[in-house]
Amino acid sequence: MARLVILYGSQTGNAQDVAEQIYRRAVRNRMNVCLHGMDDFPPNRLLSEASLLVCVCSTTGQGEEPDNMRTFWKLLLKRSLPGDLLNHIVFGVLGLGDSTYPKFNFVAKRMHRRLSQLGARPLCDPGLADDQHELGSEGVAGPWTETLFSELRNLVEKSSPGPPISDDVLLPSKYITTFGKHQKSYEATKDDEWVPLFAPVLKNTRVTSANHWQDVRLITFDISSFGDVGWNPGDVLYVQPSNFTEDVETLCELLDLDPNEGIELCEREMEARLPPHWIVNARTSVRECAEKLWDLRALPRRYFFELLRQVTPSEMERERLAELLDPMNQQDLWNYCHRPKRTSLETLRDFPSAAKALPREYLFDLFTPIKPRAFSIASSHGFDSSKLEILVAVVEFKTKMHAPRKGLCSNFLSLAETGCKVPVWVRRGTFSFPQEVGKPAILIGPGTGVAPFRALMQELFSSSTKPPKPFVLYFGCRNRANDYFFENEWKSFEDAGFLQCFVAFSRDQNVKVYVQNKIVENSTAVWELINTDLASVFLAGNAKQMPTDVHDALITVFRKEGKMNEDEADDYFQQLESSGRFQQETWA
Ligand SMILES: Cc1cc2nc3c(=O)[nH]c(=O)nc-3n(C[C@H](O)[C@H](O)[C@H](O)COP(=O)(O)OP(=O)(O)OC[C@H]3O[C@@H](n4cnc5c(N)ncnc54)[C@H](O)[C@@H]3O)c2cc1C
Ligand SMILES: Cc1cc2nc3c(=O)[nH]c(=O)nc-3n(C[C@H](O)[C@H](O)[C@H](O)COP(=O)(O)O)c2cc1C
């Protein structure tokens, strides 16, 4: 029977989750299937092993491939490869991306094109999943997987060893697990595994006033003992958070788990790799997994509901779970889960019979692993190489759920005490600031969006490379007294002639004023900087409304000062973007 090879390229685990879902679907269809991270699968095995190939890959950086597919991708791009190399393969590519980035799903699009160039035949159009979809990446990945399997069925039906495994049957768990009271050991680790820095928190300072609604923290890590860590302005720090203690306790109560019970994990052949040893070792405990591995606050995925439906002894629960899983009734799932941001843990509470009946080895299937979060680095290596700072807005908001929604990582960081060691790693971000001295820049960073610009200004200041024209910063916040971050630093950069700063305080007067208003107010100067001095424009911060408003403000400037009509102004903007002179890094 034809072998289906599923490969994933994933930076923070989302593409891996989706690849695992596709894998399980193939197992249900009794296909001959295997699943690998792309770099664990040498491309020459495509020649000998694969006739059906599914690639699930995300895009990171500025349209870049995730770390775990770099080698595979480089080999696949070799010019010397013949155009008929893969003509024995039919394939599908599913991309995970975010449409707020200019290079939306760039890697998946390139992968689809490259496989076609090498002679492989596409089974279907590439799926381009979008974090911005109201159902998250499942909004596209779900229907795309349906299409994929209907095409695959046509290909493999004749050779299939039997009818699909019913949805009512539990598939084998992700790992082979043994629960028991064995000793914990921390030796067995894989040499090739990459390990983060465990950076001690030096300071955790609230930078908004105590009576302000929003808690924002400047977190300072002491990295003086990690000699080789370097970064550039625009780079990001990934942080791996742990669950809240109260959630760990609730989980143990709900599932009658003994937190001290040991667990031994073993890989199933050809299936999901064990979690990284620095999160949990192969010999671990319930408490450790509940604290560091299982994402108790994530919104439950489809598979979560499938598992509960399969195990619940309660007819009522089974019916409700079937309703939520009905593909014709996605609105119901959205109302239950996505709209109120109901967490996996809260969902378990709603289905107590299922929770109690779930075999414990399936906890690793039920919960997705906690994903790292990115934060723009807010300090410069050149300025002080012993410290690394990030500016963190602590996420808390209300929905119809009784308890306020709390973002996992930002709250984890807000509670981090001095000396506490946090798993972090530095990666290239989306910005590439001009290396050329002399080119001016307009930096637009309301709220925590100002973080990368602080790193940039510190870097310039410390290297004494005074730009011929000061960089121009548009910062926005609610009030001068409450959330004007780094006020004194901007002042000293201004005094030294490095910076000109415009601040929009939205709530300090009757009329609300935002960065976009300040840009339009200064349209002559903005136009001159962009059009005459060839300034680059950088935008960072909240992805909601602000990027559109800033875009519209710039279009207004181009029309007014450049005497352009709407189409011309749009073209001008697009040229700026495609030449890298307009870059943005925004987040939900
Ligand atoms: C490149 C990059 C750089 C970043 N830099 C920074 C930075 O410098 N500072 C910073 O604070 N963050 C930054 N972020 C965002 C950061 O990565 C996290 O997403 C953020 O801290 C929230 O993570 P969390 O774990 O606390 O929340 P999570 O547990 O991940 O929950 C966040 C979820 O809550 C939703 N949400 C948040 N607020 C609301 C609301 N009011 N109503 C409804 N839903 C809501 C969001 O849509 C999101 O789905 C950056 C992100 C990226 C990608
Ligand atoms: C630092 C960073 C850069 C990103 N760059 C892009 C990008 O250029 N294009 C895109 O479509 N999505 C981009 N994304 C969004 C991710 O592709 C998306 O969140 C995806 O779900 C991540 O999947 P993964 O966890 O498998 O890596 C970026 C996300 C981050 C955190």
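The values are calculated or read from the model by the stated rules, or taken from the named source; none is laboratory data. As the structure is a computational prediction, the values presented were derived from the model and not from experiment. Using ideal geometry, Cβ is built from the backbone for each residue, glycine included, and neighbour counts are taken over all protein chains shown. The area values use the complete protein model at the heavy-atom level, side chains included, leaving out ligands, DNA and RNA. Shrake-Rupley method; radii C 1.70, N 1.55, O 1.52, S 1.80 Å.
What FRET efficiency would be calculated for the residue pair residue 492, residue 533, taking the C-beta separation as r and a Förster radius of 25 Å, to the nearest 0.05?
0.55
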(request) Compute the accessible area per residue over the stretch 3-159, keeping the other protein chains in place, probe 1.4 Å, unit Å². (result) 40 Å²
(request) Take the alpha carbon atoms of the stretch 268-304, find their center, do the same for the stretch 312-341, and report the distance between the two centers in whole angstrom. (result) 24 Å
(message) Please list, ordered by chain and number, the residues whose modelled amide H lies under 5 Å from the amide H of residue 279; skip anything fewer than 5 residues away on the same chain.
(response) none
(message) With a cut-off of 8 Å between alpha carbons and a minimum separation of six or more residues, what is the relative contact order of the chain in percent?
(response) 13 percent
(request) Using 0.36 nm per residue of separation minus the Cα-Cα distance, give me the extension gain between residue 397 and residue 71 in nm, one decimal. (result) 113.2 nm
(message) Given a 1.4 angstrom probe, I'd like the percentage of the accessible area of the stretch 441-587 that is carbon and sulfur, rounded to a whole number.
(response) 47 percent
(message) Here is the link list: 356/398; 439/466; 518/560; 341/371; 371/406; 292/371. Which ones come out longer than 19 Å on Cα distance?
(response) 356/398
(request) Take the alpha carbon gyration tensor of the stretch 6-84, find the square roots of its eigenvalues, order them as a ≥ b ≥ c, and report rounded if a/c is under 1.5; if not, report prolate when a/b exceeds b/c, else oblate. (result) oblate
(request) Any chance you could run the full-extension gain for residue 151 through residue 30? It's 0.36 nm times the residue separation minus the Cα-Cα distance, nm to one decimal. (result) 42.0 nm
(message) Under the rule a/c < 1.5 gives rounded, and otherwise a/b versus b/c splits prolate from oblate, where does the stretch 3-159 land using the Cα gyration tensor?
(response) oblate
(request) With label points built 7 Å along Cα→Cβ from the Cα atoms of residue 302 and residue 277, find their separation and express it in nm. (result) 3.6 nm
(request) First compute the accessible area of the stretch 244-366 with a 1.4 Å probe, then give the percent of it belonging to carbon and sulfur atoms. (result) 47 percent
(message) For 337, 266, give me the order by solvent-accessible area with a 1.4 Å probe, most accessible first, ignoring ligands, DNA and RNA.
(response) 266, 337
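Can you give me the accessible area per residue for the stretch 356-492, using a 1.4 Å probe, in Å²?
Averaged over the residues of the stretch 356-492, the accessible area is 41 Å².
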(request) Could you work out how far the C-alpha centroid of the stretch 354-428 sits from that of the stretch 32-102, in angstrom? (result) 30 Å
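Given the Cα-Cα distance of residue 524 and residue 203 and 0.36 nm per residue of separation, how much length would full extension add, in nm?
111.4 nm
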(message) Can you give me the Rg/Rh ratio for the chain, using Cα atoms for both radii and the Kirkwood formula for Rh?
(response) 0.98
(request) From largest accessible area down, sort 101, 572; use a 1.4 Å probe on the protein chains. (result) 101, 572
(request) Please determine, in degrees from 0 to 90 and to the nearest 10, the orientation of helix 315-325 with respect to the longest principal axis defined by the Cα atoms of the chain, where the helix direction is its Cα long axis. (result) 50 degrees
(request) Enumerate the lysines that residue 78 could reach by cross-link, defined here as Cα to Cα under 23 Å, with residues fewer than 8 away along the same chain left out. (result) 103, 109
(request) Determine the shape class of the stretch 398-447: with a ≥ b ≥ c the square roots of the Cα gyration tensor eigenvalues, call it rounded for a/c under 1.5, and otherwise prolate if a/b is greater than b/c, oblate otherwise. (result) oblate
(message) With viscosity set to 0.890 mPa s at 25 °C, what whole-number translational diffusion coefficient in µm²/s follows for the stretch 244-366 from Stokes-Einstein and a Kirkwood radius over Cα pairs?
(response) 160 µm²/s
